[in-house]
Amino acid sequence: MQSFENQAIRRFVDGKWTTVPDTLSVEEPLEIQLCHGPERNVQSVSITMRTPGNDQELALGFLFTEGILQSPDALENIQIVPASNRVLISLKPEFSIDLKKMERHFYTTSSCGVCGKASIEALEATYICAVEAPVWSLDPAIICSLPEQLRAAQEQFEHTGGVHASALFDRVGKLLALREDVGRHNALDKLIGLYFQQGELPLSQHILLLSGRASFELLQKAAAAGIRMVCAVGAPSSLAVATAQKLGIALIGFLRKDRFNLYTEMQHL
């Protein structure tokens, strides 16, 4: 499925109208279905608006970061139906799931301190956050080199300027994988889903770079994947900082080629 499309638009510049071609990011719904249990029950889990492409990774990443899937060993089959914007994840009959986790979690705004505290405690109890922080030093010059690599590799952003990206780097700053989507949470789900399917979680020895801001939801997903360092081109939210501090994640914001803000005290920096 095409991830961007061309359209003629009217542009106003310096007092004049012109008709020019423009490229838009495609946004379409994706229904994620789960087939599970001995009776092979099919249940709709979520409908998300996304950029078509890497739908299998998106579904797997979503199911993992929501705590529904724990291991790729549970997978029996994955069926993608592009015409209907649907992906069906079939689990082996012997694997059971917690149906209570099928309900999507929604978190209140950062103005609700008690709710935020409860959300962080729920993360600490639920997700793979117990992996130890890696003991290695990281040159700030490596961190500052990441945004330029991300920007150079953003194919969809180059065409449309309308998508977010999540990228994974190794300890020496080498770009390993990148995923783009109109939804920042979808981009990260696609990235995590890639490594989940390959059985390569947790990602405790890697660096995550977000093309926009760092929100609580993105820190939640990073924590689920065992990521210990999250960098963002934009600003973090207060709850994202609190989450990083509580879970021992190095959080960097406003990352540029010559500067960044460090929001958590980490010994390995």
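Within region 246-269, the set of residues being within 21 Å of ALA224 (Cα to Cα), surrounded by 15 or more Cβ atoms within 10 Å (Cβ to Cβ) and either at pLDDT 90 or above or not hydrophobic (A, V, I, L, M, F, W, C) (or both) comprises LYS246, GLY248, ILE249, ALA250, LEU251, ILE252, GLY253, TYR263, THR264. Taking every residue in region 169-192 that is in a loop (DSSP other than H, G, I, E, B) and pairing it with any residue that is charged (D, E, K, R), at least 6 positions away or on another chain, the pairs with Cβ-Cβ distances below 8 Å are VAL182/GLU27; VAL182/ARG50; GLY183/ARG50. Of the residues making up region 11-39, just one is on the phi > 0 side of the Ramachandran plot and surrounded by 10 or more Cβ atoms within 10 Å (Cβ to Cβ), namely GLY37.
When region 1-52 is limited to residues that are closer than 30 Å to ASP98 by Cα and acidic (Asp, Glu), the one that is farthest from the chain's Cα centre (by Cα) turns out to be GLU39. Looking at region 58-75, is at least one residue modelled with pLDDT of 95 or more and outside any helix (DSSP H, G or I)? Checked against the condition, which is being modelled with pLDDT of 95 or more and outside any helix (DSSP H, G or I), region 58-75 yields at least one hit. For region 67-96, the set of residues classified as buried (at least 22 other Cβ atoms within 10 Å of the Cβ) and out of contact with any Asp or Glu (no Cβ under 9 Å at 6 or more places or on another chain) consists of LEU69 only.
The values are calculated or read from the model by the stated rules, or taken from the named source; none is laboratory data. Predicted model only: the values in this text are computed from it and were never measured. Reconstructed Cβ throughout: ideal geometry from the backbone, glycine too, with neighbour counts over all protein chains shown.
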